[in-house]
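K.L.:
My structure is below; once you've seen it, I'll send some questions.
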Amino acid sequence: MRLLHTSDWHLGRAFHRVNMLGAQAEFIGHLVTTAREREVDAVVVSGDVYDRAVPPLAAVELFDDALHRLADLGVPTVMISGNHDSARRLGVGAGLIGRAGIHLRTEASACGTPVVLTDAHGDVAFYGLPYLEPALVKDEFGVEKAGHETVLAAAMDRVRADLATRAPGTRSVVLAHAFVTGGEASDSERDITVGGVASVPAGVFAGVDYAALGHLHGSQTITERVRYSGSPLPYSFSETDHRKSMWLVDLDPEGSLSAERIDCPVPRELARIRGHLDDLLADPALERHEEAWIEATLTDPVRPADPMARLTERFPHTLSLVFDPERAHEDPDISYARRLAGRSEQQIAEDFVAHVRGAGPDAAEQAVLRDAFDAVRADEAVREVAR
Ligand SMILES: [Mn+2]
């Protein structure tokens with residue numbers, strides 16, 4: 001059984017001011033061509049099909065086009081909803097689309113009901129676990145404490161219970177949208193922290209032959225059998241060093257696995273450049289970046305005039321301008337943005353308490369802050385899902 005694993009298309013998302021629909025359409029074409037040329041038995045899409053609960057019309061049309069092309073190809077496809085998708089909207093028509101061989105799994109209650117595909121060596125059960133927002137699915141799974149690990153573990157218990165009822169030798173694939181511990185995040189995933197914890201240990205996926213993950217936007221191998229495909233396109237400059245790709249996975253009759261990385265088309269290189277404006281405009285070593293999408297960090301001690309206009313003369317695709325002026329190390333006038341960079345909301349709030357009171361929060365106060373952030377995120381998630 002040969003699978004093509006992808007995720008995090010984020011159809012409709014822009015990269016800074018660049019509309020990415022053209023690049024997204026090119027990726028869909030590449031996916032369909034790869035599935036045909038490499039004689040793929042199944043395509044798996046592990047969530048974040050769209051970027052938003054209510055995507056722009058052009059993104060919905062592109063998704064419709066993708067569904068038709070996959071159905072015409074006759075390669076069965078299993079898809080789940082991610083934390084950016086509205087599960088209910090994405091799930092509309094799933095029953096009908098399923099008759100065309102495209103299986104959309106957007107409901108937590110169906111975790112233990114696989115899509116079963118068969119090859120010459122027997123059955124392969126595909127379990128589609130949509131993104132499980134702990135506050136929304138805790139009743140479904142009967143868990144007391146709504147955290148990512150408890151709900152995902154309960155969903156995987158259903159998977160293993162179902163698998164145990166199937167013929168010996170049945171191979172299994174799980175699609176999930178989650179942050180697995182040890183995975184590396186970028187700047188373009190939405191924070192899913194609940195109870196101060198965003199991630200789940202890879203061990204929750206024990207007992208299945210392959211876990212096809214979505215959520216993190218860099219391709220990564222957590223274990224041989226637990227992998228992220230990453231997004232097919234970059235959605236932040238923190239992804240400058242990513243190699244965007246899909247996994248072509250072969251599951252042999254005994255369940256051994258081999259995986260090959262299939263590169264995605266690159267619409268334009270990314271580059272981050274840093275220095276004084278005059279140096280960036282003159283440095284011959286930067287010639288290779290002249291056609292790239294650029295994030296420029298200017299370190300001039302005094303902000304130069306018209307920096308964007310001057311930069312775009314040499315680098316016409318400059319999209320992001322950051323100011324990080326060189327100053328003496330002890331300068332108290334260090335910028336607010338720089339002090340906050342890389343700190344979590346929780347850390348910032350705790351620093352604030354320490355700043356105004358002279359002593360940081362104790363454990364009980366930390367819990368109050370954590371609960372407040374959780375309540376805001378849960379409220380956002382509920383509103384997103386209901387949209
Ligand atoms: Mn995503």
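Nothing in this text is a laboratory measurement; each read-out follows from the coordinates by a stated rule. This structure is a prediction, so every number in the text was calculated from the model and none was measured. Virtual Cβ from ideal backbone geometry, glycine too; neighbours counted across all protein chains shown.
K.L.:
Towards the positive end of the charge dipole of the chain, with charges on Cβ (+1 Lys, Arg; -1 Asp, Glu), say which of Tyr50, His215, Gly142 has the farthest Cα.
P.N.:
It is Gly142, whose Cα lies furthest towards the positive end.
K.L.:
What are the residues whose amide H is under 5 Å from the amide H of His276, where those residues sit 5 or more places off or on another chain and H is modelled from the backbone?
P.N.:
The answer is Thr299.
K.L.:
What ranking do 50-58, 10-18 get when scored by the average of other Cβ atoms within 10 Å per residue, highest first?
P.N.:
In descending order of packing, they fall as 10-18, 50-58.
K.L.:
Continuing with this model, one more query. Helix 148-164 sits at what angle to the longest principal axis of the chain, using alpha carbons and giving 0 to 90 degrees rounded to 10?
P.N.:
For 148-164 against the chain, the angle is about 20 degrees.
K.L.:
Another question about this same structure. Can you work out the Karplus-derived ³J(HN,Hα) for every residue in region 217-233? Use 6.51 cos²θ - 1.76 cosθ + 1.60 with θ = phi - 60°, whole Hz, and x for glycine or proline.
P.N.:
Each residue's phi maps through the Karplus curve to give 8, x, 5, 7, 10, 7, 9, 3, 9, 10, 9, 9, 7, x, 6, x, 9 Hz.
K.L.:
Hey, what do the phi angles of region 59-64 turn into as Karplus ³J(HN,Hα) couplings, whole Hz, using 6.51/-1.76/1.60 and θ = phi - 60°, x for Gly and Pro?
P.N.:
Result, rounded to whole Hz: 6, 5, 5, 5, 5, 4.
K.L.:
In debye, nearest 20, what is the charge dipole magnitude of the chain about its Cα centre with +1 on Lys and Arg Cβ and -1 on Asp and Glu Cβ, if you could check?
P.N.:
Charge dipole, the chain, about its Cα centre: 800 debye, nearest 20.
K.L.:
Considering only the other residues whose Cβ falls under 9 Å of the Cβ of Met1, what net charge follows from Lys and Arg at +1 and Asp and Glu at -1?
P.N.:
-2
K.L.:
Count charges around Ala154 for me, please; just the other residues with Cβ under 14 Å from its Cβ, Lys/Arg as +1, Asp/Glu as -1.
P.N.:
Within the 14 Å Cβ shell, the charges total -3.
K.L.:
Roughly how far apart, in whole Å, are the Cα centres of region 108-184 and region 201-239?
P.N.:
Using only Cα atoms to place each centre, the spacing works out to 15 Å.
K.L.:
In the chain, if every C-alpha pair distance is counted and binned at 20 Å from zero, what percent goes to each bin?
P.N.:
Per 20 Å bin, starting at 0, the Cα pair percentages come out as 26, 52, 21, 1.
K.L.:
Place +1 on the Cβ of every Lys and Arg and -1 on the Cβ of every Asp and Glu in the chain, take the dipole about the Cα centre, and give the residue among Ala35, His10, Gly74 whose Cα lies farthest towards its positive end.
P.N.:
Positive-end residue among those listed: Gly74.
K.L.:
Please state, to two decimals, what the Cα-based radius of gyration of region 177-281 comes to when divided by 2.2 N^0.38 Å (N = residues).
P.N.:
For region 177-281, the normalised Cα radius of gyration is 1.30.
K.L.:
Taking H placed 1.01 Å from N in the peptide plane, check which residues at least 5 places from Phe15 or on another chain put their amide H under 5 Å from its amide H.
P.N.:
The list, which skips near neighbours in sequence, is Met20.
K.L.:
Still on this structure, please answer the following. Angle, helix 21-37 long axis vs. longest principal axis of the chain, Cα atoms, 0 to 90°, nearest 10?
P.N.:
40 degrees
K.L.:
What ³J(HN,Hα) values, in whole Hz, does the Karplus curve 6.51 cos²θ - 1.76 cosθ + 1.60 give for region 40-45 when θ = phi - 60°, with x put for Gly and Pro?
P.N.:
Karplus-based 3J(HN,Hα) across region 40-45 equals 6, 8, 7, 9, 10, 10 Hz.
K.L.:
What do you get for the angle between helix 363-386 and the principal long axis of the chain? Use alpha-carbon atoms, 0 to 90 degrees, nearest ten.
P.N.:
Roughly 60 degrees between the two axes.
K.L.:
I've got another one for you. Going by how many other beta carbons lie within 10 Å of each one, how would you line up Glu26, Glu224, Glu189, Glu61, fewest first?
P.N.:
Ascending number of Cβ neighbours within 10 Å: Glu224, Glu61, Glu26, Glu189.
K.L.:
Just want to confirm a number: the relative contact order over the chain, from Cα pairs under 8 angstrom separated by 6+ residues, in percent.
P.N.:
15 percent
K.L.:
Using +1 at the Cβ of each Lys and Arg and -1 at the Cβ of each Asp and Glu in region 251-387, identify which of Gly358, Leu280, Thr318 lies farthest towards the dipole's positive end.
P.N.:
Result: Gly358, furthest along the dipole toward the positive end.
K.L.:
Sticking to Cα atoms, compute the Rg of region 270-326 to one decimal and its Dmax as the biggest Cα-Cα distance, whole number, in Å.
P.N.:
When restricted to the Cα atoms of region 270-326, Rg and Dmax are 10.1, 27 Å.
K.L.:
In terms of the Cα gyration tensor, with a ≥ b ≥ c the square roots of its eigenvalues, is region 264-387 rounded because a/c is under 1.5, prolate because a/b exceeds b/c, or oblate?
P.N.:
It comes out oblate by the Cα gyration axes.
K.L.:
Given H placed on each backbone N at 1.01 Å, which residues far from Asp119 in sequence or on other chains put an amide H within less than 5 Å of it?
P.N.:
Val124
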